[in-house]
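A quick write-up on the structure given underneath.
The values are calculated or read from the model by the stated rules, or taken from the named source; none is laboratory data. Since this is a predicted model, take the numbers as computed values, not measurements. Here the Cβ positions follow ideal geometry from the backbone for every residue, glycine too, while neighbour counts run over all protein chains shown.
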Amino acid sequence: MATLSKAINLTTRLLQHSPTAVPFWRSKPGVGKSEGAIQVGKALGFSDDRILVVHVNNHEVVDFTGLPYREDGATHFAPTEMFYQFREGTGGGLIVLEELPQSTTHHQTWAAGFVLERSTPTFKLDKNVRFIITGNRAEDKAGAKPLLTHLANRLYHIDIDSSVNDWTAWALDNGIPTEAVAFLRLRPEMLNDFDPERQVNPTQRAWTQLFKDVPNDLPPDLYHIAAAGKVGEGYAVEWISARDMMAKMPSVDAIRLNPSEHEIPHDPAIRYAVTTAMAQTGSPDSLDRDMLFMDRMPMEFKMVFMTDMMRRHGKEAIMQTRTFIKWSADPRTQEIFLNSN
């Protein structure tokens with residue numbers, strides 16, 4: 001089982017080396033496969049107009065093979081624009097075939113030929129076009145079923161699981177509130193607790209939509225209804241309780257005014273929120289002063305702080321600071337932190 005970041009890294013390296021390799025990403029719903037596939041396209045250097053995401057089940061097979069027409073006593077096929085833009089001579093690109101396990105046998109038969117022969121009845125694909133196939137698992141009751149065996153044999157099967165570290169790195173770069181990131185760091189088991197028997201599930205897609213879509217300043221009763229409708233009643237209650245607790249988080253500016261003396265929060269939710277906020281607003285120049293405060297926190301929070309700082313500013317910028325060098329010399333740091341990076 002791979003995290004999404006490992007699947008992205010492996011797939012990027014694989015497709016850089018071999019344009020004809022076809023990775024198949026499989027996971028429970030809501031893990032971020034679609035966004036991850038687009039990240040692969042970007043990493044391969046393709047512009048938005050050279051990355052095509054096709055929800056296979058939304059099309060008839062004729063949309064892919066071309067519309068038939070009669071001319072000069074023979075049947076011809078008019079190619080649809082979606083694949084024609086990737087024809088021979090147009091250059092590289094990425095085609096993402098989404099939800100293939102949810103599609104019909106006819107769709108899967110077409111896909112097996114398409115990814116192997118790299119052609120339609122009317123044109124060939126450019127030799128530098130790549131494929132990624134995505135889909136859910138049959139056990140998640142999202143309409144998926146086993147792939148046809150000859151199709152499955154042509155793919156690199158990569159099973160993907162949720163990772164709170166992956167989601168955190170993405171969330172902090174995409175406007176997700178600090179307290180929301182802190183909550184899921186505190187309760188990582190809630191990031192993707194998918195159960196096919198429930199109608200409403202807390203998945204990383206659902207949490208992300210909740211944090212992005214719903215105004216934080218809604219009246220409490222309305223916010224509760226929205227949250228319960230997106231992630232489920234019990235999960236909504238826990239999130240709202242933690243959010244209310246984190247509203248008591250001390251000011252980061254106040255901490256920086258007196259880092260050696262400022263009171264350390266007792267509640268883990270507030271500690272995560274403070275740690276995340278410190279890293280989000282810190283810089284290599286502020287690291288000396290910030291560590292006067294962070295050194296008074298338990299090791300797990302210092303790990304989170306340093307990880308976020310390196311993600312934001314680059315490992316090299318942080319690891320060259322006097323503060324990091326001193327901190328990394330601590331045997332506990334070497335054992336716990338450095339071995340995990």
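Take ASN165 and tell me if it is under 30 Å from PHE305 (Cα atoms), of a type outside the set (D, E, K, R) and outside any helix (DSSP H, G or I).
Taking the combined requirement at face value, the residue does not satisfy it.
Out of everything in the range 120-136 that is in contact with a Gly (Cβ under 8 Å, 6 or more places away or on another chain) and assigned to a loop (DSSP other than H, G, I, E, B), what residue ends up being nearest to SER5 (Cα to Cα)?
Of all residues in the range 120-136, those in contact with a Gly (Cβ under 8 Å, 6 or more places away or on another chain) come to 120-122, 126, 128-130, 136.
If we keep only those that are assigned to a loop (DSSP other than H, G, I, E, B) too, we end up with 120-122, 126, 128.
Details: THR120: 33, PRO121: 36, THR122: 37, ASP126: 28, ASN128: 24 Å.
Restricting to residues being in contact with a Gly (Cβ under 8 Å, 6 or more places away or on another chain) and assigned to a loop (DSSP other than H, G, I, E, B), the top hit is ASN128.
Only one of the numbered conditions (1) at pLDDT 95 or above; (2) among the charged types (D, E, K, R); (3) under 25 Å from TRP167 (Cα atoms) is not met by ARG50, and that is (3). Name the residue that is farthest from ALA138 (Cα to Cα), counting only residues in the range 9-20 that are surrounded by 17 or more Cβ atoms within 10 Å (Cβ to Cβ) and in contact with a strand residue (DSSP E or B) (Cβ under 9 Å, 6 or more places away or on another chain). Checked the range 9-20; the qualifying residue farthest from ALA138 (Cα to Cα) is PRO19. When residues in the range 42-68 are screened for being closer than 22 Å to THR208 by Cα and either hydroxyl-bearing (Ser, Thr, Tyr) or touching a residue at least 12 places away in the same chain (Cβ under 8 Å) (or both), 2 of them pass. Listed by position, the helices (runs of 4 or more DSSP H) enclosed by the range 215-265 that each have at least 2 residues that are over 30 Å from ASP295 (Cα atoms) are 220-231, 233-246.
For the range 66-122, a tally of residues being touching a His at 6+ places or on another chain (Cβ under 7 Å) and among the acidic types (Asp, Glu) returns 2. Could you pull out the residue among GLU189, GLU139 that is part of a helix (DSSP H, G or I), out of contact with any strand residue (DSSP E or B) (no Cβ under 8 Å at 6 or more places or on another chain), assigned by TED's automatic domain parsing to the domain that holds THR12 and surrounded by fewer than 17 Cβ atoms within 10 Å (Cβ to Cβ)? Result of the check over GLU189, GLU139: GLU139. The set of residues in the range 85-107 that are under 15 Å from PHE131 (Cα atoms) and either not in a loop (DSSP other than H, G, I, E, B) or not assigned by TED's automatic domain parsing to the domain that holds PRO121 (or both) comprises ARG87, GLY93, LEU94, ILE95, VAL96, LEU97, GLU98, LEU100.
Quick check on LEU125: is it in the same structural domain as PHE64 (by TED's automatic domain parsing), out of contact with any Leu (no Cβ under 9 Å at 6 or more places or on another chain) and under 30 Å from THR20 (Cβ atoms)? Outline the logic, then answer.
On the way: in the same structural domain as PHE64 (by TED's automatic domain parsing): yes; out of contact with any Leu (no Cβ under 9 Å at 6 or more places or on another chain): yes; under 30 Å from THR20 (Cβ atoms): yes.
Taking the combined requirement at face value, the residue satisfies it.
Checked against (1) outside any helix (DSSP H, G or I); (2) touching a strand residue (DSSP E or B) at 6+ places or on another chain (Cβ under 9 Å); (3) touching a residue at least 40 places away in the same chain (Cβ under 8 Å), PHE114 meets all criteria but (1).
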